[in-house]
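The values are calculated or read from the model by the stated rules, or taken from the named source; none is laboratory data. The model shown is predicted, which means the values in this text are computed figures rather than measured ones. Cβ atoms come from the backbone with ideal geometry, glycine included; neighbour counts cover every protein chain shown. For the accessible areas, the whole protein counts, side chains as well, though only heavy atoms, and no ligand, DNA or RNA atoms are used. Shrake-Rupley method; radii C 1.70, N 1.55, O 1.52, S 1.80 Å.
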Amino acid sequence: MKILIGLTVYMILTLQFGFSQTSGTIDSLELLASSEAPANQMKTYNKIADLLLSTNTEKSYEYTKKSLNIALELNDKKGQEDAYINLGWYYMQVAKFDSAKYFLLKALETGKGNNDTRSRLNALTGLSNTLSELMNYDSAIIVLNDALEIAQEKNEVSHLANIYAVLGNVYSTVGQSDTAVALYFKAMKFYREDGNQSDLAVMLNNIATIFVKSGKYTDALNMLDQSIEINSASNNVNALMMNISNAAICYRETGAPDKAKIALLKNIALAKENKLNSLLAINYNTMGSTLINMEEFELARKYFDSSLMVSKVEGIGYGIMVNHIDMGFMFQQTGQADSALLYFQKSLFHVRQYGLKNEELKILTGMYKCFKSLGSFDSALYYHEAFKTLSDTLRKIDVNQKLTELEGKYRQEKNLKTIAELNENIFRQRADHRLMLVLVIIAFSAIVFYFVYKRYKNRNRLLQARVLEKEKEKLETEFQAQQKELAVKAMHMARLNELSFDVSQKLKELSGMVSMEAREKINTLIGSMELATPNSAWKEFETRFENVHQDFYHVLRELHPELTPTEIKICSLIRLSMTSKDISILTNRSIRTVESTRSSIRKKLNLGSDTSLSGYLLSF
């Protein structure tokens, strides 16, 4: 099951910057610092801190603080600048980005008068990384543009490479993959010129990672082969293992699972040999997923169990969650619904804790299918409704995010275009910069105006839709009221006829008990009552019925011209859901006559035994 592929690919978008270092070891530098004067001691401590930054962050922090204390005592601005830069990079390493931003800005402020290009570029590059981590992508691009201008002016090849690499990271993060790849290739050009093989390998892996995400597996393998060659030569085990993991995914997705297995077994051996337990857990999990694709479920189970065990020992919560999800889908695929539900329930809590809504949707779907297969329909319905609720919520969020992303994309594309134009013409067209800035502002304002206007139109469209909906509801309410009034009128007429009939019957009984003269008067009265059966009331009923159910009579006569006027009258009463008894009273007919008329109507309408007469008439 290809679940959470981003977790197994492990996108490498962080860079290992190769700033120039002294050839002496840390031990020799520490020995040297112990016998130096304070000013030189300060510089040595900063150098040691820089060397330790990627391997022992806490020790790097201790040396940075020592260097900063000496710099403050000596009021040495250059020493303070270097210490603040190291502090900024330290706080980036420990993911305290607000603190990193503070010290890097302090370094830029302190170093204004030092004219040290490399230190300023280090600070700007670090600041752009920090702003990117804080999701201030536009600010990060502006800072990188400043750094790029300085690096181009001073022809600082190593810094040009790093700046293009960080720009690639920013654009990759905001989803502009094509732009990111172009920037990574520019970085590669300068890393080759500078002879920086380790960062060249990182760029190759970054490009491969983007190709994997977009399904360009052949291109990804080409990049990975080059990166593997470099990392193998330098014995960079961590980077090499990440290359091999990505290559295994490419093999798996291109129908070469045997090659994927070989690559992953190599990675597992490397992880065990170098005691890299977190990478061991990742590769066990990737192997399990590969074996599922090969339908080797028992062996896949063993690798998932191994990955789960290592993740628990190392306290890798994310790894525990991924294994639970993968095992859940594996058991579902093999028809073991009870076991699948056990792992789905374990993973659901962690998925919600990490806020992984798309994975939560997949798990809810899996649980629904499992409960359904077990015949637990109440539970299946519960998880189906949970899925629908979350899906609707995500759809609404997605619409808003797409609008925001669209606005951001326009803004970023404009910024990138402007940056490229400024960089190409920086030495020849400085006088035009202000004009270009004005044009950018106008273009940006136009885009903002466009989106504001578009939102305004959308809002008006929504308001109109709501008004139409309200009007529709109002008309529906009025229709229901008229329908009810019509039924009441019909029933009133029926009761009036029933009362008239009862009175006539009683008068007939009474006429046998009175004199001849009185009997004649009673018979005259009975005749008058029978003649007075409310034809006018029926006409009024027909008028009201036609107002409520427009064209009912016309359509019925057009479709079924063989119907008699009496049958059409009966149809209108059936349309009001009146019973045969009510119709018999209203029309002065017996119930049997009404039932006979209904049968005649059904025959003329050609209705089968499974078709309701009232349902058919309601369709008019």
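Quick check: pseudo-label points 7 Å beyond the Cα along Cα→Cβ at Asn40 and Thr254, how many nm apart are they?
5.7 nm
In segment 270-368, what GluC sites (Glu not before Pro) fall in a loop by DSSP, with at most 13 other Cβ atoms inside 10 Å?
Details: sites: Glu273, Glu295, Glu296, Glu298, Glu314, Glu359, Glu360; in loops: Glu295, Glu296.
Answer in residue order: Glu295.
Assigning unit charges at the beta carbon (Lys, Arg +1; Asp, Glu -1) and nothing else, what dipole magnitude in debye, to the nearest 20, does segment 253-315 show about its Cα centre?
240 debye
Have a look at Ala233, Thr254, Leu291 and report the one farthest towards the positive end of the charge dipole of segment 213-306, computed about the Cα centre with Cβ charges (Lys/Arg +1, Asp/Glu -1).
Ala233
Find the Cα radius of gyration of segment 110-212, compare it with 2.2 N^0.38 Å by division, and give the number to two decimals.
1.04
To check my understanding: the extent here is largest minus smallest coordinate of the Cα atoms along each principal axis. What are those three numbers for segment 192-332, in Å, largest first?
Cα spread of segment 192-332 along its principal axes, largest to smallest: 52, 31, 22 Å.
Distance check, please: which entries in Lys275/Lys312; Lys96/Lys362; Lys65/Lys106 exceed 23 angstrom between their Cα atoms? Numbers along the way, then the final one.
Values: Lys275/Lys312 16 Å; Lys96/Lys362 33 Å; Lys65/Lys106 15 Å.
Table pairs above 23 Å Cα-Cα are Lys96/Lys362.
For segment 158-224, what does the alpha-carbon gyration tensor say about shape, rounded, prolate or oblate, given a ≥ b ≥ c as the root eigenvalues, a/c under 1.5 as rounded, and a/b over b/c as prolate?
oblate
Please compute the length gained on full extension between Lys508 and Leu437, using 0.36 nm multiplied by the number of residues separating them and subtracting their Cα-Cα distance. Don't jump to the answer; show the numbers that get you there.
Working: separation 71, 0.36 × 71 = 25.56 nm, distance 10.56 nm.
Full extension of this stretch gives 15.0 nm more.
Extension gain Asn222-Asn238, at 0.36 nm per residue separation less the Cα-Cα distance, in nm?
Value of the extension gain: 3.8 nm.
What Kirkwood hydrodynamic radius, in Å, does segment 47-142 give when the mean of 1/r is taken over all pairs of distinct Cα atoms and then inverted?
After inverting the pairwise mean of 1/r, the radius is 13.2 Å.
Hey, what do the phi angles of segment 104-114 turn into as Karplus ³J(HN,Hα) couplings, whole Hz, using 6.51/-1.76/1.60 and θ = phi - 60°, x for Gly and Pro?
Each residue of segment 104-114 in turn: 5, 5, 5, 5, 5, 5, 5, x, 4, x, 7 Hz.
May I ask you to list the trypsin sites (Lys or Arg not before Pro) in segment 254-292 that are in a DSSP loop and have at most 12 other Cβ atoms within 10 Å of their Cβ?
Passing both the DSSP loop test and the Cβ count: Lys275.
Just how large is the dipole of segment 180-311 about the Cα centre, in debye to the nearest 20, putting +1 at every Lys and Arg Cβ and -1 at every Asp and Glu Cβ? List each step's numbers first, then the result.
Details: 13 positive and 13 negative charges, 26 e Å.
Once rounded to the nearest 20, the dipole reads 120 debye.
Using R₀ = 60 Å, calculate the FRET efficiency as 1/(1 + (r/R₀)^6) where r is the Cβ-Cβ separation of Ser214 and Ser612; round to 0.05.
0.60
Hey, got a sec? Which chymotrypsin sites (Phe, Trp or Tyr not before Pro) in segment 129-171 land in a DSSP loop and have at most 14 other Cβ atoms within 10 Å?
none
Taking R0 as 45 Å, what's the FRET efficiency between Glu595 and Glu385 from their Cβ-Cβ distance, rounded to 0.05?
My answer for the efficiency is 0.45.
For segment 555-620, report the translational diffusion coefficient in µm²/s to the nearest whole number, using Stokes-Einstein at 37 °C, 0.692 mPa s, and a Kirkwood Rh over Cα pairs. Each step should come with its number before you reach the end.
Numbers: Rh = 12.0 Å.
The Stokes-Einstein estimate is 275 µm²/s.
Quote to one decimal, in nm, the extra length available between Lys272 and Asn523 on full extension: 0.36 nm per residue of separation minus the C-alpha distance between them.
78.8 nm
For segment 214-281, treating each Cα as an identical point scatterer without solvent, what Debye log10 I(q)/I(0) comes out at q = 0.24 1/Å?
Values returned for q = 0.24 Å⁻¹ are -1.05.
For a Förster distance of 41 Å, can you work out the FRET efficiency between the beta-carbons of Gln353 and Leu74, rounded to the nearest 0.05? Kindly include the intermediate steps, with their values, before the conclusion.
Values: r = 50 Å, r/R0 = 1.21.
The calculated FRET efficiency here is 0.25.
Out of the total accessible area of segment 73-222 (probe 1.4 Å, heavy atoms of protein only), what percent is carbon and sulfur?
Whole-percent figure for carbon plus sulfur exposure: 45.
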